[in-house]
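What follows is a short report on a single structure.
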Amino acid sequence: MSNPEASIRVKVEVTNPGQFFACCGLLELADRLWPGAEGWFEDGEFCVTCAGTLGELLERLAECKLKNAMSETEHTRFAELTELGGTGRKKLPGAEDELKALDALRREAAIVLGNPFNITLDWFHDDLAGGSRFKTWAGRQSVLDIATAMKTALNTQQWRNDDCLTYSASEIGLPFNFDSDLGGQGGAIDIGFSFDPLAGSALTRIESTARPALELLSFIGLQRFRPMEVRGENRFQYVAWKHSLPIATAMPVASGVTPFCDSKMYEFRLLYRTKYLKSFLPATLSTGGSDE
């Protein structure tokens, strides 16, 4: 079974779960730009056959609008209540509770990636199918702020090549922590305090280094692609498929639900930095792989 000629090639380390799911995100975006796109993993690269190029896809990602699912009315009301200040809100019955509810919605609402992709990302609310277990950020952190920071860091041209998943930037805010190369670094328990409460002031903010393309694309990839959980254990498995597959077929293969010949299964764990903050740890080749 031979693969077609690849239109897109991206360097990938498949033992980094963040890079793996970022490739899944690339396939998601490619299929939305050029329906019928197919992808596969091959010799340290993720390949896509489609009607476009990597440069076109990454440029469209950088240019598209990102927002959350709040309505314009809700955004306007949030701004009005915030501008009133504490003294002004005290004069309006229920204003503080309304602001608190809108602030929670702003932090937690689904993310919408606009034209030309038009995809709603809400997997972190999915308790039924288990998507929410991969929510790596704490409740007080804003998913909109994290996603926006990662996307804003992609305004430069520097990352738009086949090394996009390892493109690193500093002073861009806190990442999602999908990148397992960063996942094992010191967390709040190791350091003695949490970075998140310090982020509100330039005087106390501690800036980290992150790979914004990896983080954002992995966030997109997790909407459709999920690892298989080993029940009762902190172990998750995914399969790097080696033959060209359309996105609808690649999804169950990637999770290990559908066995696929000559493809390797990898297993990773989540690092619990605190009760709420998590990171992806590096994966290892699973002995329960799908080589058939």
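Readers should treat all values here as calculations from the given coordinates under stated rules, not as data from a laboratory. This is a predicted model, so every value here is computed, not measured. Quick reminder, even Gly has a Cβ in these numbers, built from the backbone with ideal geometry, and neighbours come from all protein chains shown.
Worth pointing out:
- Per-pair calculated FRET efficiency, R0 = 25 Å: Gln157 and Lys264 via Cβ, rounded to 0.05: 0.15
- By the beta-carbon count within 10 Å of each Cβ, the least crowded to most crowded order of Asp163, Asp122, fewest first, is Asp163, Asp122.
- Computed extension length for Asp145-Thr120: 7.4 nm, one decimal, from 0.36 nm per residue of separation with the Cα-Cα distance subtracted.
- Residue-count net charge about Phe178 - beta-carbon cut-off 14 Å; Lys, Arg +1, Asp, Glu -1: +3
- Estimated FRET transfer efficiency when R0 is 45 angstrom, pair Lys65-Glu233 (beta carbons, to 0.05): 0.65
- Considering helices alone, the calculated mean residue ellipticity of the chain at 222 nm is -10000 deg cm²/dmol, with DSSP H runs of length four and up weighted by -39500 (n - 2.57) and normalised per residue.
- Structure remark: mean-square fluctuation, Gaussian network model of the chain, C-alpha springs under 10 Å; the largest value among Leu128, Leu245, Leu174 belongs to Leu128.
- Lysine pair count for the chain [Cα-Cα under 17 Å; pairs on different chains or 8 or more apart]: 8
- Inter-probe distance in nm under a simple model that places probes 7 Å from Cα toward Cβ, at Thr73 and Leu105: 0.9
- Across the chain, the mean sequence separation of Cα contacts (distance under 8 Å, 6 or more residues apart), normalised by length, yields a relative contact order of 24 percent.
- Each Lys and Arg adds +1 at its Cβ and each Asp and Glu adds -1 at its Cβ; summed about the Cα centre, the chain shows a dipole of about 820 debye.
- Footprinting exposure proxy for Tyr238, Tyr266, Tyr276 (fewest neighbouring C-beta atoms within 10 Å first): Tyr276, Tyr266, Tyr238
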